[in-house]
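*Asks:* Sharing a structure with you now.
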Amino acid sequence: MFDPETLRTFISVAETGSFSKAAERLCKTTATISYRIKLLEENTGVGLFFRTTRSVSLTAAGSHLLSQAKDWLAWLDSMPDELRQVNDGVERQVNIVVNNLLYSPQAVASLLSWLNARYPFTQFHFSRQIYMGVWDSLLYEGFSLAIGVTGTEPLANTFMLDPLGSVQWRFVMSADPRIIL
């Protein structure tokens, strides 16, 4: 009923507003286009087009199917690449936790842009934590990657650390105890 060719035919008729223009676009006969749409309407049990002698327009059900059909076809078209990514061992979802003191919206946006370009079928979720909460997220909350600062406390042996740089902390306090930073 909803095979890719039928969906492409339906979309073409909806976009051109004409069986003959859709036939031209798809290099098919008008009779073939008309027959496919007739079968689609019979199989779904709903009229998808209002027909006049000069044009066709979508019914409410047709409008709904149009938005869904475009999504389905995009999904079908992307599936081979998505399957290759899965076959290569790339995770479908990656949760990343960032230490609050290191968090920068611009840096996270830049990282997300790079990750999405490289792994288009993976969903990336970012979270912020303070201090050791970063490592707790990694240990106990299913996070895959952490961007943080290790302290003097040893981390679990299951972590692989890859230093990206160093941070020098400066602890400052006011001479006036009434001033709170």
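*Asks:* With a cut-off of at most 12 other beta carbons within 10 Å, and DSSP calling the residue loop, which trypsin sites (Lys or Arg not before Pro) in the stretch 40-73 qualify? Please list them.
*Replies:* Arg54
*Asks:* Under 10 Å, Cα contacts only: if you run a Gaussian network model on the chain, which one of Asp162, Asp77, Asp88 comes out with the highest mean-square fluctuation?
*Replies:* Residue with maximal mean-square fluctuation among Asp162, Asp77, Asp88: Asp162.
*Asks:* Ignoring solvent entirely, what values of log10 I(q)/I(0) come out of the Debye formula for the stretch 90-168 at 0.19, 0.23, 0.27 Å⁻¹ when each Cα is a single scatterer?
*Replies:* -0.87, -1.21, -1.46
*Asks:* Then there is this: If you bin every alpha carbon distance in the chain into 10 Å steps from zero, what whole percent lands in each bin?
*Replies:* So the P(r) values, bin by bin, are 8, 23, 17, 15, 13, 12, 8, 3, 1.
*Asks:* Would you mind telling me which residue in Phe171, Phe121, Phe49 has the biggest mean-square fluctuation in a Gaussian network model of the chain, where springs connect alpha carbons within a distance under 10 angstrom?
*Replies:* Result for the chain, Cα springs under 10 Å: Phe171 fluctuates most.
*Asks:* Could you tell me the center-to-center distance, by alpha carbons, between the stretch 99-135 and the stretch 10-25 in angstrom?
*Replies:* When both Cα centres are located, 44 Å separates them.
*Asks:* For the chain, what is the calculated [θ] at 222 nm in deg cm²/dmol (nearest 500), taking -39500 (n - 2.57) for each run of four or more DSSP H residues and dividing by its residue count? Kindly include the intermediate steps, with their values, before the conclusion.
*Replies:* On the way: 6 runs with 86 residues, N = 181.
The helix-only estimate for the chain comes to -15500 deg cm²/dmol at 222 nm.
*Asks:* Taking every DSSP beta bridge with both residues inside the stretch 84-166, roughly what % is antiparallel (nearest 5)?
*Replies:* Values: 0 of 10 bridges.
Counting DSSP beta bridges with both partners in the stretch 84-166, the antiparallel share is about 0 percent.
*Asks:* How would you rank Glu5, Glu41, going from fewest to most other Cβ atoms within 10 Å of each one's own Cβ? Mind dumping the intermediate values first?
*Replies:* On the way: Glu5 10, Glu41 17.
Neighbour counts put them in this order, fewest first: Glu5, Glu41.
*Asks:* While we're here: Compare Gln106, Gln93, Gln123 in a GNM of the chain, Cα atoms joined below 10 Å, and give the one with the largest fluctuation.
*Replies:* Highest fluctuation of the listed residues: Gln106.
*Asks:* Quick one: if the Förster radius is 35 Å, what FRET efficiency do Lys38 and Trp75 give, using the C-beta to C-beta distance and rounding to 0.05?
*Replies:* Step by step, r from the Cβ atoms, then E = 0.85.
Values quoted throughout were computed directly from the atomic coordinates according to the rules given, and no laboratory measurement underlies them. All values reported here derive from a predicted model rather than from experimental measurement. Cβ coordinates were reconstructed from backbone atoms using ideal geometry, including for glycine residues, and neighbour counts include every protein chain displayed.
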